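Colleague: Below is the structure I would like to discuss, written out as structure tokens.
The values are calculated or read from the model by the stated rules, or taken from the named source; none is laboratory data. Remember, it's a predicted structure, so these values are computed and weren't measured experimentally. Glycine also receives a Cβ, built like all others from the backbone with ideal geometry; neighbour counts cover every protein chain displayed. Calculation scope for accessible area: heavy atoms of the full protein, side chains included, ligands and nucleic acids excluded. Shrake-Rupley method; radii C 1.70, N 1.55, O 1.52, S 1.80 Å.
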Amino acid sequence: MSANESPAGRQPTATYDSAFLKACRREPVPHTPVWFMRQAGRSLPEYRKVREGVAMLDSCMRPDLVTEITLQPVRRHGVDAAIYFSDIVVPLKAIGIDLDIKPGVGPVVEQPIRTRADLARLRDLTPEDVAYVTEAIGMLTDELGATPLIGFAGAPFTLASYLVEGGPSRTYENAKAMMYGDPRLWADLLDRLADITAAFLKVQIEAGASAVQLFDSWAGALAPVDYRRSVLPASAKVFDAVADYGVPRIHFGVGTGELLGLLGEAGADVVGVDWRVPLDEAARRVGPGKALQGNLDPTVLFAGTEAVETKAREVLESAAGLEGHVFNLGHGVMPSTDPDALTRLVEYVHTATAR
């Protein structure tokens, strides 16, 4: 073991004893750690300033911008972890898929993947394809010191849905039509995406990320039986591929109350919970041996300090019996959120849970 590795394997020693990683490992913590999904983004005026005139995907490929944007919420809010600034479609763009992130719309794929012949467009991802990620994470870990950096990727189902639909969807009719109507093609598509996603996470971990989160943003559109049969194998393949690194693996989806046990079963060490299910009930559904992450409703942040603290206290009370708890929102920070409300929330959670 080299001097910069922890007892868990390849995690950086500097972050190993952080409150965030301790909570992920279900160990005693000095306070409940806090970070927010989408904490680096449009809610911050400093983010809007550095992004002026820079397209989203271009900003994800500039190590200087990625570093600055990732660090902004750590400086401002004092959160217990940073999350790498990127987008779930970055690895797809890196392997040559013709897509763009259109303001007000989201990722749009020029030629959706609908046939077996289209699978040939999904080639393997190599570290050279995303050299800017390695460079940015090296810069970030130097700056962050003892603050962990969370790497992330989109889960195979959510990536497949974008690719098949051609962009965001409310009904997922094309993706579900493939899943139900051509299950072999669907399985092969998700398997290819699992390989690409695993490669992308490996690059991040090997560059210095202390944990990884797999976002299955659209998985809540599925019934449990369909998730187990048609999605879980690919997500499990991703988690299995990075298991030997010894970094905590977080799994999150929106509207996944009925899937919480399956999200953990796929291989997560930490299961993210949206605001619809109280954490004590989520723990019952997930079962023992997993930490939980969540789950304040992001809209509460618009209600004033007293209401935010009341609802945050409810989350903390619901989490009181958990093996491990990472405080987060039940979804991402909304763009019009007052940044000071987030700063006050971090201070409140830290103070209320100090041990």
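Colleague: Name the residues in the range 318-346 that are loosely packed, with under 13 Cβ neighbours inside 10 Å and at pLDDT 95 or above, would you?
Modeller: Going residue by residue through the range 318-346, those that are loosely packed, with under 13 Cβ neighbours inside 10 Å are 320-321, 335-336, 338, 340.
Answer for the range 318-346, where residues must be loosely packed, with under 13 Cβ neighbours inside 10 Å and at pLDDT 95 or above: Ala320, Pro335, Ser336, Asp338, Asp340.
Colleague: Go through the range 168-200 and count every residue that is over 21 Å from Val108 (Cβ atoms) and not in a helix (DSSP H, G or I).
Modeller: 1
Colleague: Sticking with this one: Which count do you get for residues in the range 115-134 that are farther than 27 Å from Leu71 by Cα and crowded, with 17+ Cβ neighbours inside 10 Å? Break it down stepwise before answering.
Modeller: Kept after step one, since they are farther than 27 Å from Leu71 by Cα, are these residues of the range 115-134: 115-124.
Then keep just the ones that are crowded, with 17+ Cβ neighbours inside 10 Å; that gives 122.
Result for the range 115-134: 1.
Colleague: Let me ask another. Select from the range 100-114 the residues that are crowded, with 20+ Cβ neighbours inside 10 Å and either under 23 Å from the mean Cα position of the chain (by Cα) or free of Cβ contacts under 8 Å to residues at least 40 places away in the same chain (or both) and list them in ascending order.
Modeller: Let us first name the residues in the range 100-114 that are crowded, with 20+ Cβ neighbours inside 10 Å, namely 107, 113.
Correct list: Pro107 only.
Colleague: Take residues that are touching a His at 6+ places or on another chain (Cβ under 8 Å) and within 27 Å of Asp17 (Cβ to Cβ) and tell me which of the strands (runs of 3 or more DSSP E) falling wholly in the range 201-317 contain 1 or more.
Modeller: Numbers: elements: 211-215, 249-252, 270-272, 291-296.
In the range 201-317, the matching strands (runs of 3 or more DSSP E) lie at 211-215, 270-272, 291-296.
Colleague: Is the range 319-339 home to any residue that is in contact with a helix residue (DSSP H, G or I) (Cβ under 7 Å, 6 or more places away or on another chain), touching a residue at least 12 places away in the same chain (Cβ under 8 Å), hydrophobic (A, V, I, L, M, F, W, C) and assigned to a helix (DSSP H, G or I)?
Modeller: No, the range 319-339 has no match at all.
Colleague: Further, regarding this structure: When you look at Gly253, is it farther than 30 Å from Thr13 by Cβ, open to solvent by less than 40 Å² (accessible area, probe 1.4 Å) and not β-branched (Val, Ile, Thr), yes or no? Quick ask: steps written out before the conclusion?
Modeller: Numbers: farther than 30 Å from Thr13 by Cβ: yes; open to solvent by less than 40 Å² (accessible area, probe 1.4 Å): yes; not β-branched (Val, Ile, Thr): yes.
Here the answer is yes, as Gly253 does meet what is asked.
Colleague: Are any residues in the range 55-92 under 19 Å from Tyr162 (Cβ atoms), of a type in the set (A, V, I, L, M) and in a loop (DSSP other than H, G, I, E, B), and if so, which ones?
Modeller: Ala55, Met61, Ile88, Val89
Colleague: Please go through the range 141-162 and give me each residue that is farther than 20 Å from Arg38 by Cβ, touching a residue at least 24 places away in the same chain (Cβ under 8 Å) and open to solvent by 10 Å² or more (accessible area, probe 1.4 Å), ordered by number.
Modeller: Hits for the range 141-162 are Thr141, Glu143, Gly145, Ala146.
Colleague: Kindly indicate whether Val300 is at pLDDT 95 or above, more than 30 Å from Leu185 (Cβ to Cβ) and surrounded by 24 or more Cβ atoms within 10 Å (Cβ to Cβ).
Modeller: Working: at pLDDT 95 or above: yes; more than 30 Å from Leu185 (Cβ to Cβ): yes; surrounded by 24 or more Cβ atoms within 10 Å (Cβ to Cβ): no.
So Val300 does not fit the description; no.
Colleague: Now for a different question. Could you please tell me which pairs satisfy a Cβ distance under 6 Å, a separation of 6+ or placement on different chains, a first residue in the range 277-299 that is in contact (Cβ under 8 Å) with a residue 12 or more places away in the chain and farther than 16 Å from Gly332 by Cα, and a second residue that is among the hydroxyl-bearing types (Ser, Thr, Tyr) and assigned to a helix (DSSP H, G or I)?
Modeller: Pro278/Ser318; Leu279/Ser318; Asp280/Ser318
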